[in-house]
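Quick note: the coordinates plus some simple rules give every number you see, no bench work behind them. Values in this document were obtained by computation on a predicted structure and should not be read as measured data. Cβ sites come from the backbone with ideal geometry, for glycine too, and all protein chains shown count toward neighbours.
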Amino acid sequence: MSVGSSSESLILPDWYKSKDGKPYINAIFKGGKRKVFGFLERPALPPQITPEMWNFKARLVGKSGVGKTSTVAKLTGQPAPRSHCETPGIVSSVAYWPIKLNSNGNVILTRLQFWDAGDNVGKKYDHIYPACREDIDVTLFLFSYTDRSSFLDLHKKLSDSEDDLKDTLRVIVGTKFDQIYRSEITSKELEDFQRQWMVPLLSVQNVHKTETDSGRIVTETCNDLKDVAPSLNRLCEFLLAFRMIKKGLLKDYAWVRTESRSEDDDADSDIEATYV
């Protein structure tokens, strides 16, 4: 890869739908559902496919009930409970996602490791937050589109993190994007916030469309992959750009961009969502 700058996407966003992307998608699905990977597991790809693998550790930060657990569940394909229950310690989850570079066509298999800890337990035990911060690549600062106070709280959280996270990527994550019609935050406020702090925005739909009789949410099927693929693509591109800049492979990157909803998203806006 050569040194340059980018105002366009670094990856091909719809590549996972292509014939070349199919083996990768098949490797992270099992029985029509996203496969949940343990720390020592990795996708079983055909022997002739040997992509470069990049590992990333992500830490989640946000007030209780903002949607940290359901966001991780959405991104990793895990089930999420319908009612809110604060995380009783540290929970680590792994997701794999393939991306294809726009510049040279190389394929990278990303390994995303999400670390989530409950607010109360983090304040109670001194080892919780240091363990989450150790060797991290990105901190995800979460707010809810339907909770203005969670957005206003981001100023303090970002300010408090400036000294500790100088060499790591910071991303703000808007949860409950499927409820954007109820948003308590304006588009201008979001854009002004991003420009003030120079942080990218990732919006996540925390909606799960099917559930079992017991009330537990079923992981999404292949047909629902379109809901989570844009979020995974966007997060991986942020991480890729930040690492390339640190390595001198990229001069600059347009961190502040607007996000839009598709017609399919608007059609699904009346679906009941699950937030944890």
- Taking the Cα-to-Cβ direction at Ala44 and at His155 and moving 7 Å from each Cα, how far apart do the two end points lie in nm? 5.4 nm
- Query: Quick one: Karplus J couplings for the range 190-205, per residue in order, coefficients 6.51, -1.76, 1.60, θ = phi - 60°, nearest Hz, x for Gly and Pro?
  - Reply: 5, 5, 4, 5, 4, 6, 5, 9, 6, 10, x, 10, 10, 10, 10, 8
- Task: With a/c under 1.5 counting as rounded, go ahead and sort the range 27-84 into rounded, prolate or oblate using the C-alpha gyration tensor (a ≥ b ≥ c being the square roots of the eigenvalues; past the cut-off, prolate if a/b is larger than b/c, else oblate).
- Result: oblate
- Task: With 29 Å as the limit, write out which pairs from Lys19/Lys166; Lys19/Lys246; Lys68/Lys166; Lys17/Lys57; Lys17/Lys74 have Cα-Cα distances beyond it, or answer none.
- Result: Lys19/Lys166; Lys19/Lys246
- Based on the mean of other beta carbon atoms within 10 Å per residue, what is the order of 11-19, 92-100, most packed first? 92-100, 11-19
- Message: I need Leu152, Leu235, Leu201 ordered by Cβ neighbour count within 10 Å, fewest first.
- Response: Leu152, Leu201, Leu235
